[in-house]
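A short write-up of the structure that comes next.
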Amino acid sequence: MAQNISTANSSSKVNDENQPNNHSVSKRLQKELMALMMSSEKSISAFPEGENFFKWIGTISGPDDTVYKGHKYKLLLEFPNSYPYSAPNVKFITPCFHPNVDLSGSICLDILKDKWSALYDVRTILLSIQSLLGEPNNDSPLNSQASQMWPNQVEYKKYLDEFYEKHKEV
């Protein structure tokens, strides 16, 4: 990896040392990928998109004992250069009808925002989103229609299945 050895601006060098570099972020993501591949967890997966280690495609299966059982969702995870000290940007690729997911795929989940910790990893993120499917936070909805429908699980499931069948191949 090439380094800038110019001594003209020594203050920028100090700031650079406090930020993780692309190599250390890539190394961390490689370790996370290996851990995911070795995991016995079958309902989640994630892999880099092509050669770009900073952009992954994740997959989660709807949890058993929820209205999402039998559904499979793809997500896009984009990692900043400051990962793991900053959360990745995570969005649903497969449209998901859910109180905490808007129509563009954005997710309202505290660990992706103000509750982020450098201790979290891709596995934790995917499991948290999977858990959110069955346990939405209706106090902070991004989709008010889904939030209003949630209490009636029979009607919610009927609408959800129709929505999923219509959009799952997007």
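For the condition in contact with a Cys (Cβ under 9 Å, 6 or more places away or on another chain) and at negative phi, Ile107 qualifies. Checking each residue in the stretch 138-157 for being surrounded by 13 or more Cβ atoms within 10 Å (Cβ to Cβ), under 18 Å from Lys69 (Cβ atoms) and of a type in the set (A, V, I, L, M) picks out Ala146, Met149. Scanning the stretch 94-115 for residues that are open to solvent by 40 Å² or more (accessible area, probe 1.4 Å), in a loop (DSSP other than H, G, I, E, B) and closer than 30 Å to Met34 by Cβ gives Lys113, Asp114, Lys115. Scanning the stretch 111-129 for residues that are over 12 Å from the mean Cα position of the chain (by Cα) and acidic (Asp, Glu) turns up just one, Asp114. Can you name the residue in the stretch 116-170 that is assigned to a loop (DSSP other than H, G, I, E, B) and polar (S, T, N, Q) and is also nearest to Asp102 (Cα to Cα) among such residues? Filtering the stretch 116-170 for residues that are assigned to a loop (DSSP other than H, G, I, E, B) and polar (S, T, N, Q), the one nearest to Asp102 (Cα to Cα) comes out as Asn143. Residues in the stretch 71-103 that are among the β-branched types (Val, Ile, Thr) and more than 13 Å from Glu169 (Cα to Cα): Val90, Val101.
Every residue, every condition in (1) more than 18 Å from Glu41 (Cβ to Cβ); (2) in contact with a helix residue (DSSP H, G or I) (Cβ under 6 Å, 6 or more places away or on another chain); (3) surrounded by fewer than 14 Cβ atoms within 10 Å (Cβ to Cβ); (4) without any contact (Cβ under 8 Å) to a residue 24 or more places away in the chain, yes or no:
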site	(1), (2), (3), (4)
Leu75	no, no, no, no
Ser86	yes, no, yes, no
Ser117	yes, no, yes, yes
Tyr159	yes, no, no, no
Glu165	yes, no, yes, yes
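Cβ-Cβ distances below 6 Å connect the following pairs, each with a first residue in the stretch 20-44 that is under 20 Å from Leu75 (Cβ atoms), a second residue that is part of a helix (DSSP H, G or I) and open to solvent by 60 Å² or more (accessible area, probe 1.4 Å), and a separation of six or more residues or different chains: Leu36/Arg123.
The values are calculated or read from the model by the stated rules, or taken from the named source; none is laboratory data. If you're wondering where the values come from, they're calculated on a predicted model, not measured in any experiment. Glycine gets a Cβ as well: all are built from the backbone with ideal geometry, and neighbour counts include every protein chain shown. With ligands, DNA and RNA removed, areas are computed over all heavy atoms of the protein, side chains included. Shrake-Rupley method; radii C 1.70, N 1.55, O 1.52, S 1.80 Å.
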